[in-house]
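FYI, it's all coordinate maths here, none of it is from the lab. All values reported here derive from a predicted model rather than from experimental measurement. We place every Cβ from the backbone using ideal geometry, glycine too, and count neighbours over all the protein chains shown.
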Amino acid sequence: MLLTQQLANQYYIYVDSNRPPEPWDIYNPRPQNRGFVTYFGQVLQAVEENLGKQGLIFYVTLSDMQKLPSYGDNVVVLIIGDEHYRVPRYIHQVGAVFKAYGTSQEMQWKTLVTKPSYRGFITLVQYFSNLSLRLPLLVNYKFQKLRAAIAKDVRIAPIYDIPGGYHNSEDLPIKPIDDRAYDVFFDGSVQNNIYSKWSIKNVLKTPKIVARSLMLQQLDRFKQKYPEFHIQLAIRPAFGMVSEDDAGSYSKHLMNTKVCLVPRGTTLESFRICEALRYGCVVIVEDLPDRDFYRNAPVVRIKDWNNVEPVLAQLLRDKEQMRELHQQTLEWWDTQLTESVVGKQIAEKLNQLSSVRA
């Protein structure tokens, strides 16, 4: 008998809408070929331990916005991979939704006007591309809210922000930052996919391509100017090329890193943020959305990768500041992002909801 059937609540991984949901033993949080749920397996263990309700059904999905295997006030959905900021169509058919990446794309409209740039232009293009995907679901959301205001039997599920967690990250002992071999580390792709010759993303590029290309260009200049620092790079042909078999090697590299560069991907957020924070790296990011678990995080924020050279040089020469940031990062992970904390927060929200009923 599956352990999920012995728990107070049921847990499923729902990846393919054309296939049944996969019953999930959350105490085996790394099922085969499902490394993307590892973080949430441990999160849900904490949910189970702190939840004062029984008979709930949890679906963990990457980005299915259209349908679920079942509905009801006892259905809770964790959407962990939607980078288009959408509201699910079934928002009125479930008890609660917990979502990484949120439901609104933050834009620096003032900067677009006062400091126009090509990067700003393609960010705007991406915004309207996302809007074309979001708009039908937003219209449905507004319609269901109107129905809920009129009819007592219609409820709209609340949507809560959750961090994206990590992907294929190993549980390793923390290495003191002074003992780490790599001064600077980046492992990732420059673009998500190989686009066709006439694709608009191939012609105009994307914010991710522009940001990461600029970062690598500036990093090459930094290497030439400061050869005393050890820079470790792994440029992959596409997103997701770190397989589960490679996870151990990737994790060991990251644990051996002092400064981890986390340029934007399709969104400003990336699971690499959580991976680097978990291992106590000093993290350099462009910016982060205004969410509780990012607000005041001890990361180094830069507006433009053209500025990374002086930032890196100052950081790497100031060992005391590096040690302080390293310690603050570990404390931030433990208090804001660790699986037990996030799981307890989810359980508390569900315990407070009268609309979530078994």
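Numbers at a glance
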| quantity | calculated |
| --- | --- |
| Gain upon complete extension [residue 287, residue 142; 0.36 nm per residue less C-alpha separation] | 49.2 nm |
| Percentage relative contact order, segment 177-337, counting C-alpha pairs under 8 Å, at least six apart | 29 |
| Cα centroid of segment 83-107 to Cα centroid of segment 257-275, whole Å | 22 |
| Size of charge dipole - the chain - debye, nearest 20, with Cβ of Lys, Arg +1 and Asp, Glu -1, no other charges | 1440 |
| Hydrodynamic radius (Kirkwood) for segment 257-313, which is based on Cα pairs only, to one decimal in Å | 11.6 |
| Per-selection Rg to Rh, segment 202-346 - Cα, Kirkwood hydrodynamic radius | 0.95 |
| Computed over segment 260-358, Kirkwood Rh from alpha-carbon pairs, angstrom | 15.0 |
| Neighbour net charge for residue 74 - beta-carbon separation under 11 angstrom, K R +1, D E -1 | +1 |
| For segment 121-190, alpha-carbon Rg and Dmax in angstrom | 22.0, 63 |
| Value of [θ]222 nm, deg cm²/dmol, for the chain, DSSP H segments ≥ 4, -39500 (n - 2.57) each, nearest 500 | -11500 deg cm²/dmol |
| Nearest-0.05 FRET efficiency for residue 104 and residue 203, computed from C-beta distance (R0 30 Å) | 0.60 |
| Over the chain, relative contact order from alpha-carbon pairs under 8 Å, at least 6 apart, % | 19 |
| In nm, spacing of pseudo-spin labels at residue 178 and residue 223 (7 Å Cα→C-beta vector) | 2.9 |
| Share, in percent, of DSSP beta bridges within the chain that are antiparallel, nearest 5 | 5 |
| For mean projected area of the Cα convex hull in nm², calculated from these coordinates, the label among (1) 23.2; (2) 20.7; (3) 19.5 | (3) |
| Förster-model FRET efficiency, 41 Å R0, residue 314 and residue 50, C-beta, rounded to 0.05 | 0.45 |
| Distant-in-sequence amide H partners of residue 236 (H built 1.01 Å from N, under 5 Å) | 188, 189, 190 |
| Length released on extending from residue 328 to residue 62, taking residue separation times 0.36 nm less the Cα-Cα span | 92.7 nm |
| Mean separation of Cα contacts under 8 Å, 6 or more apart, over the residue count of segment 70-137: relative contact order % | 36 |
